[in-house]
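The values are calculated or read from the model by the stated rules, or taken from the named source; none is laboratory data. In this text the structure is predicted, and so the values were computed from the model without any measurement. In this analysis, Cβ positions are derived from the backbone assuming ideal geometry, glycine residues included, and neighbour counts consider all displayed protein chains.
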Amino acid sequence: MDIRQSCNAAYSKTLDTEGLRKEYLVEQVFVADQITMTYSHVDRIVFGGIMPVTGPIAMPDLGKTYGTAYFLERRELGLINIGGDGVVVVDGVEYAVNGEEALYVGKGNKELVFRSMDAVHPAKFYYNSTPAHAVYPIKKITREMASPQTMGDAKTSNRRTINKYIVPGVVDSCQLIMGLTKLEEGSMWNTMPCHTHERRMEVYFYFNMNADGVVFHMCGEPTESRHIVMRNEQAVISPSWSIHTGVGTQTYTFIWGMAGENQTFPDMDHVAMTALK
């Protein structure tokens with residue numbers, strides 16, 4: 001497990017390119033037949049990829065790692081499949097989770113097993129997990145259920161559809177919020193004008209990019225902005241004080257996940273374009 005400690009804004013200003021990448025970027029999320037796991041001290045979110053190829057993968061006994069008897073004893077989990085058709089088995093019950101479908105698994109579920117329907121086109125389950133204080137039922141979310149919202153304009157290169165998979169009104173959860181944003185052809189900017197949200201942190205996972213494509217992910221305080229160059233299927237941590245937006249050399253898709261004080265999606269501190277530096 002990769003553990004990332006919290007960094008404040010003052011320290012982050014002192015980091016060079018490699019320093020920023022070491023603190024905030026996760027370069028490899030999916031590894032065949034493995035569960036990758038990054039633990040961030042920022043709101044104690046856990047995220048990673050699950051890619052079963054040659055056979056099923058079970059969530060291991062993490063023992064002392066979390067100080068609990070099993071992973072979801074005091075946590076909830078959401079996942080979105082970005083690969084081929086797959087199955088998630090929760091305490092013996094099977095849930096088919098196909099491409100661009102999601103699954104919410106609440107606190108208290110013990111056994112998690114993941115498998116692909118086709119080894120040639122394996123499932124790729126990207127997941128976020130946050131601490132949980134209450135038990136909510138397991139729920140599968142299809143693309144049709146994901147509360148789509150189209151925003152932006154082709155004139156400003158940010159026409160995009162935000163699919164809200166795990167949000168109030170779609171799924172009951174303790175604090176986890178998760179969704180998938182698709183940019184339309186010809187649009188390269190996401191979340192611009194940008195914002196922060198002091199009450200929540202966020203993780204972005206970029207995918208559907210060609211090998212030679214990159215996203216310049218903007219981070220830092222609004223008046224002290226930096227960037228991290230990101231490639232296909234990489235993730236980046238965004239503390240609550242940091243902007244989180246980006247522009248690509250081509251169209252791409254990204255999954256966003258949030259944890260923190262509230263689940264109010266519009267609770268954002270917008271940054272005027274004239275204030276950015």
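Points worth noting:
- Members of the stretch 225-277 found to be assigned to a strand (DSSP E or B), surrounded by 19 or more Cβ atoms within 10 Å (Cβ to Cβ) and free of Cβ contacts under 8 Å to residues at least 60 places away in the same chain, listed by number: Thr245, Gly246
- Note on the stretch 1-86: enclosed strands (runs of 3 or more DSSP E) holding 2 or more residues that are of a type outside the set (D, E, K, R) and at pLDDT 95 or above are 38-40, 46-50, 75-81.
- First in the stretch 95-110 and closer than 22 Å to Ala134 by Cα and surrounded by 18 or more Cβ atoms within 10 Å (Cβ to Cβ), second anywhere and at pLDDT below 95 and basic (Lys, Arg), Cβ under 7 Å, 6 or more apart: none
- If you go through the stretch 170-220 and pick out every residue that is of a type in the set (Phe, Trp, Tyr) and in contact with a helix residue (DSSP H, G or I) (Cβ under 8 Å, 6 or more places away or on another chain), you end up with 1.
- Any hit, the stretch 188-204, residues being surrounded by fewer than 21 Cβ atoms within 10 Å (Cβ to Cβ), touching a residue at least 60 places away in the same chain (Cβ under 8 Å) and over 20 Å from Met268 (Cβ atoms): yes
- Checking each residue of the stretch 61-69 against the condition of being buried (at least 20 other Cβ atoms within 10 Å of the Cβ) and either touching a residue at least 40 places away in the same chain (Cβ under 8 Å) or under 20 Å from the mean Cα position of the chain (by Cα) (or both) gives no match.
- Sole residue being farther than 20 Å from Cys219 by Cβ and touching a Leu at 6+ places or on another chain (Cβ under 8 Å), chosen from Tyr70, Tyr66: Tyr70
- Matching option when the condition is more than 24 Å from Val229 (Cα to Cα) and in contact (Cβ under 8 Å) with a residue 12 or more places away in the chain, among Lys182, Lys164: Lys164
- Among (1) out of contact with any Asp or Glu (no Cβ under 6 Å at 6 or more places or on another chain); (2) among the polar types (S, T, N, Q); (3) within 27 Å of Glu101 (Cα to Cα), the one test that Ser225 misses: (3)
- Residue within the stretch 45-56 that is over 14 Å from the mean Cα position of the chain (by Cα), within 15 Å of Tyr127 (Cβ to Cβ) and in contact (Cβ under 8 Å) with a residue 24 or more places away in the chain present: yes
- Residue among Thr142, Thr161, Thr150 that alone is under 25 Å from Gln234 (Cβ atoms) and of a type in the set (Ser, Thr, Tyr): Thr161
- The conditions of being among the polar types (S, T, N, Q) and surrounded by fewer than 20 Cβ atoms within 10 Å (Cβ to Cβ) are met by Ser157.
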